[in-house]
Amino acid sequence: MNLPELGAFLRTRRDHIRPAEAGLPQGPRRRVPGLRREEVAQLAGLSADYYTELERGSTKNGVQPSAQTLAALARALRLNADERDHLFHLAERPVPPPQHGPSAHVQPALLGLLDRLSDTPARVITDLHETVVENDLARNLLGESPAQRGPAASFVYRWFTDPRARERYPAEDHPHHSRVFVSDLQAAAARRGRDAEVARTVAALRRRSREFAALWDTHDVAVRRADRKKIVHPALGVIELDCYNLLSEDGRHRLLWFTAPPGSRGAEQLELLSVIGSQDLGVPEGAAPRAAAESGSRSRPVPRREGPAVKARSAPE
């Protein structure tokens, strides 16, 4: 592993990224042209000390970045495909083949659009509805996406196997969402072809959910591009929003964002999300308190969390 060259490459890429491109404030006392080391670490879900050692190219502490860490750094630094491959070569890791899932390379243009949606809940997900990266407002609206591996990383899988995944949505809307999820998964399965990951997910869902099996056997197919949703927020009550999807060229990822007509109650509730810290609610994705959901009560706004506007799924060593 060529750690000195790897560190130099990371440093130059960091210098090329402006804070605004990563959804970060410029700040009045910035001494570097690009991102600070700790900012890259935050965006990649790494500790600042670990990233500093990596960039310094030191061989003393046995730094050995995994493929997952390299993928997270490629996203944080907005590397294009050639730069991503070069990063893996320097780390002497096999360059990932074209793949799906959270570790797949996300197009920088899609990440750039996410950065610009600073006042809109937004996240990048895979075609199996695995969260790759999201902004603070998405976490405030939907809760933290649980760190899961395998089929459980997919929200569609959790929707049909874990009742808690449905608690952010009114019960009367569940049948509609079930049909939409299955139709969208049918399209993803056909697009991927003979993909082992999809086959495992579908087989597991058929075993565990009669509802899924019945819907799957209808063979209804429709790519989800837009929908009208009601979200049960633990502090703000039911929020009615428009949900839009922008698919990448290869269909592996999509940018999902929520909005509401100007002047509507939904728009007012979205504004309140910017001052409600999801960490104080202590509610993970799919676990909204029933009492708050039914009453629609509002809690007193609390200060917003400090930190980057967009955070990748963590990739710790």
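The values are calculated or read from the model by the stated rules, or taken from the named source; none is laboratory data. This one's a predicted model, so the numbers in the text were calculated from it and none came from an experiment. Counting neighbours? That spans all protein chains shown, and the Cβs are built from the backbone with ideal geometry, glycine included. Note: accessible area is taken over every heavy atom of the protein model, side chains too, but ligands, DNA and RNA are not part of it. Shrake-Rupley method; radii C 1.70, N 1.55, O 1.52, S 1.80 Å.
Yes or no: Glu306 at pLDDT 90 or above and open to solvent by 50 Å² or more (accessible area, probe 1.4 Å)? So Glu306 fails the test. Inclusion of Arg228 among residues that are modelled with pLDDT of 95 or more and among the basic types (Lys, Arg) is not warranted.
Looking only at region 150-173, residues that are closer than 15 Å to Arg228 by Cβ and in a helix (DSSP H, G or I) come to 2 in all.
For the residues Phe155, Phe160, the requirement of being in contact with a Gly (Cβ under 9 Å, 6 or more places away or on another chain) and either open to solvent by less than 10 Å² (accessible area, probe 1.4 Å) or of a type in the set (A, V, I, L, M, F, W, C) (or both) singles out Phe155. When restricted to residues that are in a loop (DSSP other than H, G, I, E, B), farther than 19 Å from Val132 by Cβ and at pLDDT below 85, region 1-35 contains 13. Within region 262-274, residues that are touching a residue at least 40 places away in the same chain (Cβ under 8 Å) and closer than 15 Å to Leu142 by Cβ reach partners that are open to solvent by less than 50 Å² (accessible area, probe 1.4 Å) and in a loop (DSSP other than H, G, I, E, B) with beta carbons closer than 9 Å, at six or more positions or on different chains, in the pairs Leu270/Thr120; Leu270/Pro121; Leu270/Ala260; Leu273/Pro121; Leu273/Leu236.
Going by the conditions given, is Ala138 in contact with a strand residue (DSSP E or B) (Cβ under 6 Å, 6 or more places away or on another chain) and among the aliphatic types (A, V, I, L, M)? For Ala138, the condition - in contact with a strand residue (DSSP E or B) (Cβ under 6 Å, 6 or more places away or on another chain) and among the aliphatic types (A, V, I, L, M) - is met. Filtered by the rule that a residue be exposed (fewer than 12 other Cβ atoms within 10 Å of the Cβ) and either at pLDDT below 95 or in contact with a His (Cβ under 9 Å, 6 or more places away or on another chain) (or both), region 208-225 gives Asp217, Thr218, His219.
What about Ala187, is it open to solvent by less than 30 Å² (accessible area, probe 1.4 Å) and more than 20 Å from the chain's Cα centre (by Cα)?
yes
Only one of the numbered conditions (1) open to solvent by less than 30 Å² (accessible area, probe 1.4 Å); (2) in contact with a strand residue (DSSP E or B) (Cβ under 8 Å, 6 or more places away or on another chain); (3) outside any loop (DSSP other than H, G, I, E, B) is violated by Phe181, and that is (2).
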